[in-house]
1. Pairing the Cα long axis of helix A:24-41 with the longest principal axis of chain A, what angle in degrees results, from 0 to 90 and rounded to the nearest 10?
2. Measuring label to label, 7 Å along Cα→Cβ, what does A:Gly385 give against each other copy in nm, shortest first?
3. May I ask for the Kirkwood hydrodynamic radius of chain A, worked out over all distinct Cα pairs and given in angstroms to one decimal?
4. If I model a spin label as a point 7 Å beyond the Cα along the Cα-Cβ vector, how far apart are those points for A:Arg98 and B:Ser190 in nm?
5. Can you give me the Kirkwood hydrodynamic radius for segment B:235-293, using every pair of distinct Cα atoms, in Å to one decimal?
6. Relative contact order, percent, of segment B:24-95 when contacts are C-alpha pairs under 8 Å separated by at least 6 residues?
7. Would you calculate, for chain A, the mean residue ellipticity at 222 nm contributed by helices, counting each DSSP H stretch of 4 or more residues as -39,500 (n - 2.57) and dividing by all residues, to the nearest 500?
8. Kindly identify segment A:180-336 as rounded, prolate or oblate by the Cα gyration tensor criterion: order the square roots of the eigenvalues as a ≥ b ≥ c, call it rounded if a/c is under 1.5, otherwise compare a/b with b/c, prolate if a/b is larger, else oblate.
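The values are calculated or read from the model by the stated rules, or taken from the named source; none is laboratory data. In this text, all values refer to a predicted model and were calculated from it rather than measured experimentally. A quick note on method: Cβ atoms are made from the backbone with ideal geometry, for glycine too, and the neighbour counts reach across all protein chains shown. For the accessible areas, the whole protein counts, side chains as well, though only heavy atoms, and no ligand, DNA or RNA atoms are used. Shrake-Rupley method; radii C 1.70, N 1.55, O 1.52, S 1.80 Å.
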Number of protein chains: 2
Amino acid sequence: MPATPTTAPTAHPAPPTGAAASRQHTLRERNLSLVASAVYEATTPPSRADVAAATGLTRATVSTLVDRLVAGGLLAELPPVVAQRAGRPAVPLQPARRTLVGLGLEVNVDYLGVRALDLVGDVVAERVVTGSLHDSDPGEVLARLRGLAAGAIAELEGAGMRVAGARLALPGLVDARGARLEVAPNLGWSSVEPVPVLDLRAGDGSPLDVEVANEAKLAALAELAGDVPSSFLYVSGDVGVGAGIVVDRQLFLGQRGWNGEIGHVVVDPAGPRCSCGATGCLEQYAGKEVLLRGAGLPASAPVHAVVDLLRDGDDAALATVQRAGRALGSALATFVNLVDVSTIVLGGTYAELFGWVGHVVAGVVEERALAAPFAPVDVRPAAAGPHAALTGGAREVLRAVVADPAVWV
Amino acid sequence: MPATPTTAPTAHPAPPTGAAASRQHTLRERNLSLVASAVYEATTPPSRADVAAATGLTRATVSTLVDRLVAGGLLAELPPVVAQRAGRPAVPLQPARRTLVGLGLEVNVDYLGVRALDLVGDVVAERVVTGSLHDSDPGEVLARLRGLAAGAIAELEGAGMRVAGARLALPGLVDARGARLEVAPNLGWSSVEPVPVLDLRAGDGSPLDVEVANEAKLAALAELAGDVPSSFLYVSGDVGVGAGIVVDRQLFLGQRGWNGEIGHVVVDPAGPRCSCGATGCLEQYAGKEVLLRGAGLPASAPVHAVVDLLRDGDDAALATVQRAGRALGSALATFVNLVDVSTIVLGGTYAELFGWVGHVVAGVVEERALAAPFAPVDVRPAAAGPHAALTGGAREVLRAVVADPAVWV
DNA sequence: GACGTTTTGTTGTATGGCTGAACTATTGCG
DNA sequence: CGCAATAGTTCAGCCATACAACAAAACGTC
C-alpha cells in the first residue's frame, strides 16, 4: 500500500490484507484441494473421470493431481469394479485409510480424552478417562492429557500413520488464534495457554500443529459426518449451554470465535440470578445441574437418571424438563431470528432428553421465529455419539489437510 | 460497453457447489481483482510499485493489470507528484471518477429514493421523495421508483457514465437470490418480486443487474466508507428494528439472508403483544412509533420532535427513551453473546437519539455481554448520513465490480 | 552541470500448469 | 470379431506470471 508501515523492500513480505497474489503455484494448490475435496465429499468412490466432470478440470489434469495425492497418501485407488456398461472400467478413488490421521483432544467437566480419525472417518485410536474436573488444576490436567495423547501418537506412528495435527476442545472462551483459553467457568480455568504445556510432538521430535477451540463448536462439526443440512445450529447442553453455528458446512466464528454463548441469553429478566452476574439466563432454566436438581436428584447424577424418572411419569422431572424446553425454545427462537438457520441440532444433555424436550422446543421456536411461516425450523437430536467434540476436532484437522493438501504430498 | 449482467458473487449466499476449477484465466481474474482492491482500499493513491509491494506481485505483472484496469475505466492515473526523494517519480493511481457508477434504490415506510455513487465514492446523482408508504401498493410504488431510477440512469449516461447495477433496499425479509421480498410488515407488502416490475435498463436497452436486499444490511455496508472496525453490528432503528452483521468487512447473511431480526427478540415474556404474534418483543419497547407515542407525540411525527422534548427535559420522553435504551441494550447483549462482535453501530432513529440512549445501551451491554471483561463493547452512533441504505446499496454494486473487474474491462 | 544513485515503470525471455486433441486400454454388444 | 463406449495417458500449445535487464526521471554532490 502507499504508506506501507514497516515493509522491508527486499524480501517477499506477506500481504497485509490477507488476500495473496496468485501465481501458477497457487493455481495448482487450489486444484489439488479441489480434487481432494471432490473425492473426500463424494458419496460413492468416484473415478478420475467423475472428478473431472465434477470439478470442470480436464481428465488429463485430474490424472496428474490424483497421482500426486495418491503418492502423498491422501487418496487410494480401489480395485476396478466390474462395469455393467460398455467402456474401460473405472478405477474408484477413496480417501486413503490408515495413512494420515487427525487428533481430537478434549478436557470437559466430566472427562478428558483423545480420539484419532483417519481420512475415511474410521476411529483408529481412542482413550477416554472419566472423572470430575470441576475446579481442577490446568497444569496437572493437561499433563494427564499429554500422557494420553503421547500414547496414542506412539501407537499410531507404530502402525505407520502420520499425525497431521490436533484440536483441543475446551468448554470456554478461546481466543482468535486458537492459542489461549480466556475462561472456562465450569472447569475453574482462566488465562491458560495449553499448547506449550501439552507440547505434543511427532516421533521424529517435530512439533505437532495443535489448536484450541470451543467444545460446542467442534461438536457441531462432528455432525457434518452424518446426514445433516449444510447450515444448522448445534446446541451443546451440559453444565453450561453453548452452541456452534455452521453455515454452508463451515463454522461461523464471528470476530473472535466467541459466538454461540446461548447459555446467557435472557429468558426472563425477573428470573433467578446467574453466576455470570445477570438474571434469568437460560442456564438457570436449562443447565444440566438445574435440570437434575429440579428433578430432585443430586447435581452430580447422570442425565440418564432423569430419563428414568421421566419414563416413570415423575411430575417434578416432567415439569422441570418442560420448563427447560420452553426456555430453550425461547432462546433458540431469538438465535434463529438473529442468525438465520432453519435446522437446530440438540446435542449433549438435550439429545438424551430429546423425547421429552424436542417437541416443546420445536413448538416455541415455531411460534417465535419470524421466518417460520416461510421456512419451518427443523429441530432434531444430534447424530454423533458421545464425546462428539473429539470426533469434531479430529475431523477439523483432516478438513484442513484436504483444504490444503500441498503441504502433505 | 453494454451493462452486462454480472455473475459476480454478491451479498447473497453462494450456491452449495461453489468451488470452480482454476485455470490460467481464473488466475488473471483474481489478480486483477487483487490489484483493483488494493487501489480501491488504499488510503493514499498508491503507485504501481506500491501495489506490487502490497500484493506480492511483480511490478511487471501489476503494470499490465493496471493498464487493463485503466483502459476499462476502473482506475485512473493522477499527475505525478513532485517527489521529495531520489528516483523516478511515481504515478499515483486512484479509482476512476465518473466512469462506472453503482445505483442504490430504497423503498421505506417514510420515503423512496435513488442514489448513485462512482468508484471514488462521490454521489453523482440523487432523487429522494418523502411521504408515507404504510400499507401501500407495491406495483404503484415500484412504478414511481422506476421513474426516479430511469431519470437518474438517463442523466448519468448522458454524462458518459456506465451504470454497473443496482441494489434495492427494502425493510423486510428478502429471499436468498435477492429476487423476492417475502414480507415487509410495515409496508404491508408480501410476496413481491420487484426486479421484473422495475425492469431497469441501460440506454442501449440491455437489462441492468438489480438485486433486492434488506435495508438494515445495506445500511450497515454504508458504514464501511468511514472509520469503522472491520467487524461490527449495525442496528437500524426505524418503525421496525433490523440489524446487519459485518465480519471482516463482509456481510454475514446466514443461511438465507434473514438474520439480524433483532426487533423480535424477547425482552420480557410478560410484555405487550407484538404484531408478530409473540409478546414482549424489542419493537414494543424501542420501535419508532412506540417511542413517539411514549413521548406523547403522534406516531407520524419526526424523530427530531423527540429530541426537542428531550432537550427541554420532558419527563415522559426521557422515561420512554431510557426504557427503550435498556430494552435495546438487553437485546444487543444477547446479540453480542450469540454472534460475537465488539462494536455496535446505532443507526436510524438511534443515531439521532444517541446522546440519550447511547450510554444506557452501553451500560446494559457491558453488564450482560459475556466477553465484556476481556474485550469491552464499543457502542457508537452511525457515521453515514441519512438514507444510509441508498449509499450502502450503491457501494455494494461497486464492491462487486471491484471483486470481479474482468467483466468490466 | 556531468555523473553516480535511487526508484519507477517497461521491455523481453523463461517457466510452470492447464487445455485440447490424439492415442491407448479395456470393456459390452451385436 | 469388429464397433462403440468409456477411462486414463501422452504431448504440443498457450497463457499468465516471474525474473532480469533496461529505460526514464528524479536527487545529490562535488
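1. Helix A:24-41 sits roughly 60 degrees off the main axis of chain A.
2. With the label placed 7 Å along Cα→Cβ, A:Gly385 yields 6.5 nm.
3. On the way: mean 1/r = 0.0432 Å⁻¹.
Result for chain A, one decimal place: 23.2 Å.
4. Rounded to a tenth, the inter-label distance reads 6.1 nm.
5. On the way: mean 1/r = 0.0815 Å⁻¹.
It works out to 12.3 Å.
6. Numbers: 82 pairs, mean separation 24.0, N = 72.
Once normalised by length, the contact order is 33 percent.
7. Numbers: 13 runs with 153 residues, N = 409.
Result for chain A, helices only: -11500 deg cm²/dmol.
8. Numbers: a/c = 1.79, a/b = 1.67, b/c = 1.07.
It comes out prolate by the Cα gyration axes.
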